[in-house]
Each structure stands twice: as C-alpha cells, then as structure tokens.
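Participant: To start, I am sharing the structure in question, which I have written as structure tokens.
The values are calculated or read from the model by the stated rules, or taken from the named source; none is laboratory data. Fair warning: this is a prediction, and the values are worked out from it, not measured in the lab. Neighbour counts run over all protein chains shown; Cβ positions are idealised from the backbone, glycine included.
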Amino acid sequence: MENKISDSQNLPYLRVKGNNIFIDLYVKPNTTDDYMFFDDNEFIVHSTAPPVKGGANKQILQEFSKLFNVKQSNIEIVAGVKSFSKKLRITCKDAEETNNVLKILIENKNKKIQ
C-alpha cells in the first residue's frame with residue numbers, strides 16, 4: 001500500500017502520530033452553505049449550524065465522519081470546543097485506515113467539499 005503520510009508532511013494544519021490524525025481548522029458557523037475547503041496553508045469549515053449549544057461542533061463531527069468514512073465516535077474536538085479555531089483528532093483503527101483518511105485529504109486539497 002502506498003504511504004500517504006509522507007505526502008501530508010507539508011500541510012501545516014495536519015499532524016500524524018501513530019494512528020491518530022490531528023487537524024487544525026477554522027470554523028465559520030451560521031453560513032449559507034455547508035462545505036470544507038483546504039489548501040496548502042489552511043483548513044476552513046463553513047457550517048450552516050449556529051454556534052449555539054454545540055450545534056456547529058456536532059455538524060462538523062458528522063461531516064468529517066461521512067467524508068473520511070470513519071465512525072463518528074472516533075472523531076473528537078480536542079481543543080477549541082468553544083472557539084472558531086479547533087483541533088480535531090481522528091483515531092484510526094490501523095495504518096490502512098490512517099492512509100485512507102490521508103489519501104482523501106490529499107485528493108481533495110484545493111477543492112470545495114460539500
């Protein structure tokens with residue numbers, strides 16, 4: 001299997017530690033459309049959910065779960081729960097799942113993901 005970890009080394013918002021992937025992102029809640037966009041420098045999530053009672057956070061976890069085909073219980077906000085700047089941790093079950101998540105990230109860079 002091709003190792004995508006080395007391809008992800010140049011993305012400042014992404015860190016891989018074992019089977020954990022950490023993503024630093026910026027959330028824009030209460031927008032008109034739901035989408036994610038990331039390039040070489042930043043990862044931005046637009047959410048139609050308001051930043052009230054964790055609505056935007058719940059929506060972000062659901063969207064990441066769908067995008068990466070990972071159980072929602074394996075994705076958590078480890079920093080910035082009440083902030084627009086957040087750090088997510090995706091806990092993958094093995095190296096294959098880790099590589100699959102990284103492959104999806106790399107393939108979708110510079111694309112608007114809805």
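Participant: Can you pull out every residue in the range 38-51 that is surrounded by fewer than 16 Cβ atoms within 10 Å (Cβ to Cβ), within 13 Å of the chain's Cα centre (by Cα) and within 18 Å of ILE77 (Cα to Cα)?
Facilitator: Those that are surrounded by fewer than 16 Cβ atoms within 10 Å (Cβ to Cβ), within 13 Å of the chain's Cα centre (by Cα) and within 18 Å of ILE77 (Cα to Cα): GLU42, ILE44.
Participant: With the condition kept exactly as written, say whether any residue in the range 77-87 is of a type in the set (Gly, Ala, Ser), within 19 Å of LEU11 (Cβ to Cβ), more than 11 Å from the chain's Cα centre (by Cα) and surrounded by 14 or more Cβ atoms within 10 Å (Cβ to Cβ).
Facilitator: Checked against the condition, which is being of a type in the set (Gly, Ala, Ser), within 19 Å of LEU11 (Cβ to Cβ), more than 11 Å from the chain's Cα centre (by Cα) and surrounded by 14 or more Cβ atoms within 10 Å (Cβ to Cβ), the range 77-87 yields at least one hit.
Participant: While we're looking at this one, here's another question. Hey, among the residues in the range 5-58 that are within 21 Å of ASN99 (Cα to Cα) and polar (S, T, N, Q), which one's modelled with the highest pLDDT?
Facilitator: ASN20
Participant: Looking only at the range 4-63, which residues are under 18 Å from ILE90 (Cα atoms) and basic (Lys, Arg)?
Facilitator: Result: LYS4, ARG15, LYS17, LYS58.
Participant: Any chance the range 59-81 includes a residue that's at pLDDT 90 or above, touching a Phe, Trp or Tyr at 6+ places or on another chain (Cβ under 6 Å) and aliphatic (A, V, I, L, M)?
Facilitator: yes
Participant: Another question, if that's okay. Please report, ordered by residue number, the strands (runs of 3 or more DSSP E) entirely within the range 4-110 with at least 2 residues that are free of Cβ contacts under 8 Å to residues at least 24 places away in the same chain and aliphatic (A, V, I, L, M).
Facilitator: Output list reads 43-46, 75-79.
Participant: If a residue must be at pLDDT 90 or above and of a type in the set (Lys, Arg), how many such residues does the range 82-112 contain?
Facilitator: Count: 5.
Participant: What number of residues within the range 66-99 are aliphatic (A, V, I, L, M) and more than 19 Å from LYS17 (Cα to Cα)?
Facilitator: Residues meeting the conditions: 2.
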